[in-house]
There are 2 protein chains.
Amino acid sequence: MYLTHGLHRSRQQRPDEAATVFGDRRQTWRTLVDRVARLAGGLVSLGIVPGDRVAIIALNRDRYIEAFYATAWAGGVIVPGNTRWAFAEHVYALTDAGARFLLVDAGFASLIEPLRKACPNLWVIIYLDDGEAPSGAFAVEDLIASFTPIEDQCSRDDSLAGIFYTGGTTGHPKGVMLSHRNMLSSCFYSLASLRFSDRSVYLHAAPMFHVGDVGLTLTITMIGGVHVVIPSFSPEAAVRAIVGEGVTDLLLVPTMFGMLHQYLLTQTADLSAVKNVIYGAAPITETLLKKAMQIFPKAAFYQGYGQTELAPGATLLMPEFHLPSAHGWSYLRSAGRAMVGVDIKIVDETMGERPRGEVGEVAVRSDGVMLGYWGKPELTRQTIVGGWVRTGDAGYMDEAGFLFLVDRMKDMIVSGGENVFSAEVENALSSHADVLECAVIGVPDDRWGERVHAIVRLRRGGIGDADKLIAHCRTLIAGYKVPRTIEFWDQPLPLSAAGKVLKRELRKPYWP
Amino acid sequence: MYLTHGLHRSRQQRPDEAATVFGDRRQTWRTLVDRVARLAGGLVSLGIVPGDRVAIIALNRDRYIEAFYATAWAGGVIVPGNTRWAFAEHVYALTDAGARFLLVDAGFASLIEPLRKACPNLWVIIYLDDGEAPSGAFAVEDLIASFTPIEDQCSRDDSLAGIFYTGGTTGHPKGVMLSHRNMLSSCFYSLASLRFSDRSVYLHAAPMFHVGDVGLTLTITMIGGVHVVIPSFSPEAAVRAIVGEGVTDLLLVPTMFGMLHQYLLTQTADLSAVKNVIYGAAPITETLLKKAMQIFPKAAFYQGYGQTELAPGATLLMPEFHLPSAHGWSYLRSAGRAMVGVDIKIVDETMGERPRGEVGEVAVRSDGVMLGYWGKPELTRQTIVGGWVRTGDAGYMDEAGFLFLVDRMKDMIVSGGENVFSAEVENALSSHADVLECAVIGVPDDRWGERVHAIVRLRRGGIGDADKLIAHCRTLIAGYKVPRTIEFWDQPLPLSAAGKVLKRELRKPYWP
């Protein structure tokens, strides 16, 4: 198994068919692979040696795909930077990974000089955009024009292919080391259940630095589908690309459904070409799902759960469980069941398996399990135990193997000695008609240790009546779980790049 | 990756749903896994140690699936025996593999004593059938009743999981060593393109000792489908099972289509539940495909090409290429294109890649590539070169990556210094209305070295006129390829267990 396998396969089977579409620019597989092999030749000439770390800081673009594959083709290790990071965070990741190569697009060109000063390990900087490169950087187009294609170095199997920094919602970033096998195994787990084919047209709506989109990049290349690329998600850009290119497959986070729905209240667009919608990072509510089904009337919906440490796939909630059953819509709150190829169990602190229905930590074993955290052997030993990843997520499993996540272990609120899982409280609040979005955190409390506190953004016309919402929750969940205080916000809650609410930000005002 | 993964997954997700159906006996996943874990306990108590070879000689049955998985669960290595072997061939394989354990069903019970005498390495013999065991054998049901389930030994990844003796059509049997990863990788390559799901109902029509059916055993278990088992293929048994159980998926060889068609001339049966028909071992003719489409009106057809050394998948001809295109039916003669995950190239004798359209040897690289031939390191070195398997098959690839097999390299006839690929001659003969089946071989000839010789079985009412058939061929292929002699047979041609014509048998009367 090697990351560039799909390039060879698609060039062999469909050399003159579309590989990438970015704005008005369309490229065939023959062209794409030729450019990758030339850029790899450029990297080798500039001194890359197998195992060298190559960082990228760029918005989505076809050149990103080329840079990603050229790194693998040359035997390098990709280090995707999060485009929302602050400067200090970029410096941290580049330094921690010991990156020798860096590619940046025009939007991040201003970082070139400061990063070169701050990161003495940086050796070569490449400008990943059209036009002339800023001083101190090589232009990617010059490299591709100047160098001849080299043979694929075929770094493979268990060798390191990428380091992915997990922002997560808490703590210091960690570099997750993924091998070629890790990433491709996860692709095959998806392919076993999802209905991709060589007629798939995939929209890169999620950021390419995210391991979820990386998995789809590899998958679409292997099966010979088309990559449609927009720089970043906006409802306008997504709708235009879907309609214009006949997009069939999408990876979204639930918040994007809401944004699309809002946009389409005033626009008409036929999105019925979309066949598969994969969403992740958070479960979907019944209300939001119904909106999503209006937006994509012909689509099958898949919820995926995983994490970077798993490259990333763990469970899938299949389309048939997005429909009401004898149990109502109860499966919607589930993350689904173990993907083909993945072992899942709920464990206690000593890795013993918990009985069905009881909450514990979700543990996962598969060929996607990371090699470890870069430079953090102790943390690796704590996280991978006997081949199983301790995900840090709390959940339980029902009798049919459905996984229900109750919260991040570290997001758990301990109030009056009771464990409160914020997701449960959020579900209760969300079910009230006035609530548009909400987040529940623990805040310091003299009496209870931590107090359950909610931040609520109301729908237009909704009434900010804390007592009423508290009474509503009281009808749904145990008293100790009910929010004791509620604050009302006008603006949207802060989100991570992956679309998760940044609870760390919400906690800041309350904790030293 | 480990062979028993699917057992754990299906028990977790559908404990009380059907796992196996054999005649009137239906078993759930809970029961199946319990029996496997108990039988594994029995094997351990009888002295199995990790890596021990466990042979099975039995017709298809649900107990075969249990024995297969129990061996893996106990850390053993499965050695499936070909049920059509002569006694001497069984002795050869059991001795060569150094099998310590042997399971046989009632049909092969008479082999127990002679095999014990002939194979001193045999330690434990288990009777894989209901009722009392013959003297000198343990009854499988006693073992399952007597022992408690043990923990899965989780032998995995690159460790040896099975030794599969390739009969092939020429030469001495070789033991192909396949690892856990080899076999499961091949499953994932299939899952990436075939439309299996947890609603799949698979009929084991092909023999379970064949690596193709083993792949489906693993796949269906992983996805949680149902195994419907008949002891061996007959049109009656297959049709009864398909109708009775609503079979959705089938693996057949083309000769079975003809048998089914013949049978259904006098029977009516609704086989429209069948959604996917995979066929292999030989390409299909347009005439036979049309019959197959009448038999299975709702099915998508997939041709698979591979070999035991690849565990076994290499290429797939997808359903859309089973329809007439702008080029007529030309793709029907193709074996399809490289599966997702598989690299294929056409090479010359020094492993250099041949240009598109030119015939050479088919070379394949994937995670399915065998560990090697058991006890034959020199043959292994000749067969696996730089990670690529030299398949021994001759073929060419077109500009869209379609593989066209022209013949087994070793089946090639050299006549008057020209290479004649028998498949091409057989295609020409088959296109004549009077020909029901045929095979072309080389026979000794004083003038030409080898002479192209055909064996033909006529349709009812067909006329055995050699001159007419030769004239017909002459209109289709070059003169040196046309059969110089033809013999007419009344009885069917001898077939291998995999449904290929046994040319070795046909050659016997002509060669010393």
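Here are the numbers:
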item	result
Filtered residues of segment B:364-381 (kept if closer than 14 Å to B:Met183 by Cα and of a type in the set (Asp, Glu))	B:Asp367
Residues of segment A:51-85 that turn out to be touching a strand residue (DSSP E or B) at 6+ places or on another chain (Cβ under 7 Å), over 19 Å from A:Ala139 (Cβ atoms), surrounded by fewer than 24 Cβ atoms within 10 Å (Cβ to Cβ) and charged (D, E, K, R), as a count	1
Qualifying residue in segment A:414-426 (condition: within 16 Å of A:Trp511 (Cβ to Cβ), in a loop (DSSP other than H, G, I, E, B) and in contact (Cβ under 8 Å) with a residue 24 or more places away in the chain)	no
The one condition in (1) buried (at least 24 other Cβ atoms within 10 Å of the Cβ); (2) in a loop (DSSP other than H, G, I, E, B) that B:Asp198 fails to fulfil	(1)
Residue check, B:Gly341 more than 14 Å from every other protein chain (Cβ to nearest Cβ), farther than 25 Å from B:Ser496 by Cβ and buried (at least 17 other Cβ atoms within 10 Å of the Cβ)	no
Residue that is surrounded by the fewest Cβ atoms within 10 Å (Cβ to Cβ) [pool: residues in segment A:264-280 that are part of a loop (DSSP other than H, G, I, E, B) and in contact with a strand residue (DSSP E or B) (Cβ under 9 Å, 6 or more places away or on another chain)]	A:Ala273
Which listed residue is at pLDDT 75 or above and either of a type in the set (Gly, Ala, Ser) or surrounded by 16 or more Cβ atoms within 10 Å (Cβ to Cβ) (or both), from B:Val385, B:Val425	B:Val425
Residue pairs meeting the criteria (Cβ under 7 Å; at least 6 apart or on separate chains; first of a type in the set (S, T, N, Q), in segment B:254-279; second surrounded by fewer than 19 Cβ atoms within 10 Å (Cβ to Cβ) and assigned to a loop (DSSP other than H, G, I, E, B))	B:Ser272/B:Pro297; B:Ser272/B:Lys298; B:Asn276/B:Arg195
Failed item in (1) in contact with a Ser or Thr (Cβ under 8 Å, 6 or more places away or on another chain); (2) within 14 Å of another protein chain (Cβ to nearest Cβ); (3) charged (D, E, K, R), with A:Arg451 passing the rest	(2)
Test result for A:Thr20, on the phi < 0 side of the Ramachandran plot, more than 14 Å from chain B (Cβ to nearest Cβ) and buried (at least 22 other Cβ atoms within 10 Å of the Cβ)	yes
Number of positions in segment B:369-394 that are within 14 Å of another protein chain (Cβ to nearest Cβ) and on the phi > 0 side of the Ramachandran plot	2
Filtered residues of segment A:191-217 (kept if touching a Gly at 6+ places or on another chain (Cβ under 6 Å) and within 14 Å of another protein chain (Cβ to nearest Cβ))	A:Asp198, A:Ser200
Single unsatisfied condition, A:Glu286 versus (1) under 30 Å from A:Pro173 (Cβ atoms); (2) more than 14 Å from chain B (Cβ to nearest Cβ); (3) charged (D, E, K, R)	(1)
Residue under evaluation B:Asp52, criteria (1) closer than 24 Å to B:Gly215 by Cβ; (2) of a type in the set (Asp, Glu); (3) within 14 Å of chain A (Cβ to nearest Cβ), criterion not met	(3)
Considering residues of segment B:1-17 that are more than 8 Å from chain A (Cβ to nearest Cβ) and free of Cβ contacts under 8 Å to residues at least 60 places away in the same chain only, the residue surrounded by the fewest Cβ atoms within 10 Å (Cβ to Cβ)	B:Asp16
Number of positions in segment A:303-358 that are assigned to a loop (DSSP other than H, G, I, E, B), under 14 Å from A:Asp398 (Cα atoms) and charged (D, E, K, R)	3
Some residue of segment A:455-472 being part of a strand (DSSP E or B), outside the structural domain of A:Tyr92 (by TED's automatic domain parsing) and out of contact with any Gly (no Cβ under 9 Å at 6 or more places or on another chain)	yes
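The values are calculated or read from the model by the stated rules, or taken from the named source; none is laboratory data. What you are looking at is a predicted structure, and each value in this text was computed from that prediction instead of being measured. Note: ideal-geometry Cβ built from the backbone for every residue, glycine included; neighbour counts use all protein chains shown.
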